[in-house]
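Structure record follows, encoded as structure tokens.
The values are calculated or read from the model by the stated rules, or taken from the named source; none is laboratory data. All values derive from a computational prediction rather than experimental measurement. Glycine gets a Cβ as well: all are built from the backbone with ideal geometry, and neighbour counts include every protein chain shown. Areas reflect the complete protein model, heavy atoms only, side chains present, ligands, DNA and RNA absent. Shrake-Rupley method; radii C 1.70, N 1.55, O 1.52, S 1.80 Å.
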Amino acid sequence: MALPMAMLNLYLKGRKDPEYRRRWKEHFGSFKKPEISQSIWIHSVSVGESLAAIPIIKRLQHDYPEYSIVVTTTTATGAERIRALLGDSVFHFYSPYDLPWVVKRFIRKIKPKLTLIMETELWPNFIYYCKHKSVPLILVNARLSARSAGSYARLPIPTKKLLLDPVTHFACQAKPDSRRFITLGAEKEKVSVTGSIKFDLQLPENLTGVTHSIFNGWTDSGYAWTAGSTHQGEEEIILKVHQELLESGVAAKLILVPRHPERFDSVAELIIQRGFKMQRRSDNESIKEDTQVVLCDTMGELIYCYSAAQVAFVGGSLIERGGHNPLEPAALGKPVLTGSHIFNFADVYRNMFESGAAIKIGEEDLARKLLELLQNDSMAKKIGRQGLKVVEVNRGALSKTMRIIEQFLK
């Protein structure tokens, strides 16, 4: 019954990104059967999950070259990241719709020996037919917020068992995640805490050089701050704050990075309406000294935008979106600011708050806190050092996760 709406959704998305229309058949498992004898199937949803999967994929390719790697994503942005970072070394398809005949067809074509689901993406048929075909299924980098756990808890008991019992192992990011899975009905011996793979991020080798080539010294003078992974409702606040900084006499420079590509044009219009001197990164032109806002409307360059700034605001947190990953700016030694809606990264932020590596602000506090960090450089550097320390101390999740995976590939 939902299929017509799903097809309409693909059609509408295709107006912004033609790939949704060009590759729609993949959602039904309809594609040329790849030349695969056996594979490892890794399912991620969008950009965040795909980036977390990259180090796992590279380790699997190195340690188990006899297996082909199949990656499925739900979004075109996730697909773009896989394509940009892994190229033709993996097979990429859009995730199959959770219908019995579709999932069976997909599994038959890719012949998985092992299935890894990044974070928490529980689909009944997906899970059931992996077990039915004797394919171990591991939830990797698994997280379950209190809100999501409450939603699952309202499901009938047979439904919960259908979702949890067939999962071979839950490799959780933190103890609260593991407790929530166990409370919902997961068997204790199937649950472990490995930490977040996102702490094991690797910075680009030529980070400084690429950052300079993009911004060409524009951020060397003035006070540059980056607002990354922003959503509708946040850009208005951020631009208002930026105007306040300029009116207070600060030579402020803003790098604005919206989360979703389909919103790039509308955000550009908003910046122009607010009267700022703006340049778009996609124009690939040298940034003029008097530019007040740079709109990063390209994919895969958020790390360079954080690198160029003195302070990082991580979006999705001023609205009830749940926040986004603060570890990239932390790994760069940047002071991190966030709103209060951070349930998607509650444990990461808890660690950062306790260590003094991040500051929680409200809409009305953002301008004041930015000015405070500008005026107190030693405090800003101390927060940045603490962020770097948090990342370094918590590394190791990848090795723990690989030890679990290896049990099913011997």
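Taken over the stretch 311-339, the residue count meeting the criterion of being farther than 17 Å from residue 382 by Cβ and within 15 Å of the chain's Cα centre (by Cα) is 11. With respect to the conditions (1) in contact with a strand residue (DSSP E or B) (Cβ under 9 Å, 6 or more places away or on another chain); (2) open to solvent by 30 Å² or more (accessible area, probe 1.4 Å); (3) within 17 Å of residue 293 (Cα to Cα), residue 220 falls short on a single one, namely (1). Among what's in the stretch 194-208 and is at pLDDT 90 or above and farther than 17 Å from residue 53 by Cα, pick the residue that is surrounded by the most Cβ atoms within 10 Å (Cβ to Cβ). Top of the filtered list is 207. Given the structure, is residue 209 among the small types (Gly, Ala, Ser) and either under 30 Å from residue 119 (Cβ atoms) or assigned to a loop (DSSP other than H, G, I, E, B) (or both)? Taking the combined requirement at face value, the residue does not satisfy it.
Name every residue in the stretch 24-65 that is buried (at least 17 other Cβ atoms within 10 Å of the Cβ) and of a type in the set (A, V, I, L, M), in order of residue number. Residues satisfying the conditions are 40, 42, 45, 47, 51, 52, 53, 54, 56, 57, 60. Between 211, 183, the distinction of being more than 20 Å from the chain's Cα centre (by Cα), surrounded by 17 or more Cβ atoms within 10 Å (Cβ to Cβ) and over 25 Å from residue 340 (Cβ atoms) belongs to 211 only. Tell me whether the stretch 69-88 contains one or more residues that are open to solvent by 10 Å² or more (accessible area, probe 1.4 Å) and either within 24 Å of residue 194 (Cα to Cα) or at pLDDT 95 or above (or both). The answer is no; no qualifying residue exists.
Residue 176 meets the stated requirement of being under 22 Å from the mean Cα position of the chain (by Cα), outside any loop (DSSP other than H, G, I, E, B) and not β-branched (Val, Ile, Thr). Of the helices (runs of 4 or more DSSP H) entirely within the stretch 355-410, those holding at least 1 residues that are touching a Gly at 6+ places or on another chain (Cβ under 9 Å) and closer than 30 Å to residue 170 by Cα occupy 377-393, 397-406.
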